[in-house]
1. Regarding region 39-62, can at least one residue be identified that is closer than 18 Å to LYS199 by Cα, of a type outside the set (Gly, Ala, Ser) and crowded, with 23+ Cβ neighbours inside 10 Å?
2. Need at least 2 residues that are at pLDDT 95 or above per element, so show me which helices (runs of 4 or more DSSP H) inside region 1-108 make the cut, counting only ones lying wholly within it.
3. Can you name the residue in region 97-145 that is of a type in the set (Val, Ile, Thr) and touching a Leu at 6+ places or on another chain (Cβ under 7 Å) and, of all such residues, is farthest from LEU77 (Cα to Cα)?
4. Output the number of the condition that GLY96 fails; it satisfies all remaining conditions of (1) surrounded by 23 or more Cβ atoms within 10 Å (Cβ to Cβ); (2) within 19 Å of GLU162 (Cα to Cα).
5. Run down GLU102, GLU126, GLU136, GLU111 and say which single residue is of a type in the set (Asp, Glu), in contact (Cβ under 8 Å) with a residue 24 or more places away in the chain and in contact with a helix residue (DSSP H, G or I) (Cβ under 7 Å, 6 or more places away or on another chain).
6. Kindly evaluate PRO80 against the criterion of being free of Cβ contacts under 8 Å to residues at least 40 places away in the same chain and either over 30 Å from PHE178 (Cβ atoms) or in the same structural domain as TYR151 (by TED's automatic domain parsing) (or both).
7. Those residues that are within 27 Å of LYS78 (Cα to Cα) and either surrounded by fewer than 12 Cβ atoms within 10 Å (Cβ to Cβ) or without any contact (Cβ under 8 Å) to a residue 12 or more places away in the chain (or both), I need them from region 146-176; list them, please.
8. Kindly evaluate ALA194 against the criterion of being modelled with pLDDT of 90 or more and outside the structural domain of ARG66 (by TED's automatic domain parsing).
Amino acid sequence: MERRNNGMYRNQCLTMHQPWASLLVHGIKRIEGRSWPAPIRGRLWIHAAGKVPEDATIKAMEDFYREIYAVNGITDLKFPQHYPVSRLLGCIEVVGCLRCEELACWKEVPEGVRLEGLTNFCWLCEEPQKLVVPMEMRGYHGVYNLERKIYEAAVGGLVPVESPLPVKFQLPNPRDPFSLKPGSISVCFPDSKASEVEKSSSLNAAIAGACAAASQYSKKGQNLETNAFKNRHVVEHFTRPRQLNSNSLVVHKMAADEVGTLVCHNNEPSSHSEHEGTSNSHKQFSHAKLSHHPGPSSKIFAAAVKGLRPA
């Protein structure tokens, strides 16, 4: 089993839903959002779960990344042509982990990267590599080790990916791979304050659409409204004074409720043998949500965009 010089395994894997999995491996996504801090540093293999993404979800996320890259002057993004499921896609390097408010304070990284911080914990990802031929396999919860035969077959099939805007996250202590962890940036940069990125109406709409798309994978038993407002960016968006008519206010409140934890792919069932990626309890929870807010995620996204139009 291959190890890094610091003794860490190089065969650890994380299962994610599409389209987030492919966006990460293709170097477009640079922040992996979770409700829990990154337990590792170094290579992390990315596996795509068995749930086929809706067209509206793919559109919402591609629109989101178009807008946040445009903040840094990049307008020609090449998205994956396909979003395969139940496949091992490639790997990235996890170099650190910060809370979303800490990432927002970090002026040394591009504005678009700071806008990606939509969850409590932000895993910082570099050096994406993809498999020339994605490998069919089963995934599991959390971070797990690849089977040896899969690892040995995959490691030789990797090719580097050229990111649209490569980012190197500077570690406070290069000799300590865990020095950039939640809470560390406030110590290293005590004078940092959250820098505000000017947001156009289209950028606000893209952020709301991404949040709405992410909410379809929220876990049962989580308080959607409470957890939504833990996120500084969503608080800022939904509480900013603006002219709204009565219909817009209703849609705005619905979008806020639907945001949930904003963790689009955290600890969900993850393989092609998982009965389409949902448990009975999750199906019951999804049904309860839909009975309150009818329609699939495409309607959620449409409502979020509609609610951001000027009155």
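The values are calculated or read from the model by the stated rules, or taken from the named source; none is laboratory data. As the structure is a prediction and not an experimental result, all values here were calculated from the model. Note: ideal-geometry Cβ built from the backbone for every residue, glycine included; neighbour counts use all protein chains shown.
1. Of all residues in region 39-62, those closer than 18 Å to LYS199 by Cα come to 60-62.
Then keep just the ones that are of a type outside the set (Gly, Ala, Ser); that gives 61-62.
After this cut, where a residue has to be crowded, with 23+ Cβ neighbours inside 10 Å as well, the list is 61.
Yes - at least one qualifying residue is present in region 39-62.
2. Values: elements: 20-25, 55-70, 100-105.
Of the helices (runs of 4 or more DSSP H) lying wholly inside region 1-108, those with at least 2 residues that are at pLDDT 95 or above span 20-25, 55-70.
3. Residues of region 97-145 that are of a type in the set (Val, Ile, Thr), as a first pass: 109, 113, 119, 132-133, 143.
Checking which are touching a Leu at 6+ places or on another chain (Cβ under 7 Å) leaves us with 119, 143.
Numbers: THR119: 24, VAL143: 30 Å.
By that ranking, first place goes to VAL143.
4. That leaves (2) as the condition not met.
5. GLU102
6. Values: free of Cβ contacts under 8 Å to residues at least 40 places away in the same chain: no; either over 30 Å from PHE178 (Cβ atoms) or in the same structural domain as TYR151 (by TED's automatic domain parsing) (or both): yes.
When the stated conditions are applied, PRO80 does not pass them.
7. Step one: of region 146-176, the residues within 27 Å of LYS78 (Cα to Cα) are 154-170.
Residues satisfying the conditions are GLY156, VAL159, PRO160, GLU162, LYS168.
8. On the way: modelled with pLDDT of 90 or more: no; outside the structural domain of ARG66 (by TED's automatic domain parsing): yes.
So ALA194 fails the test.
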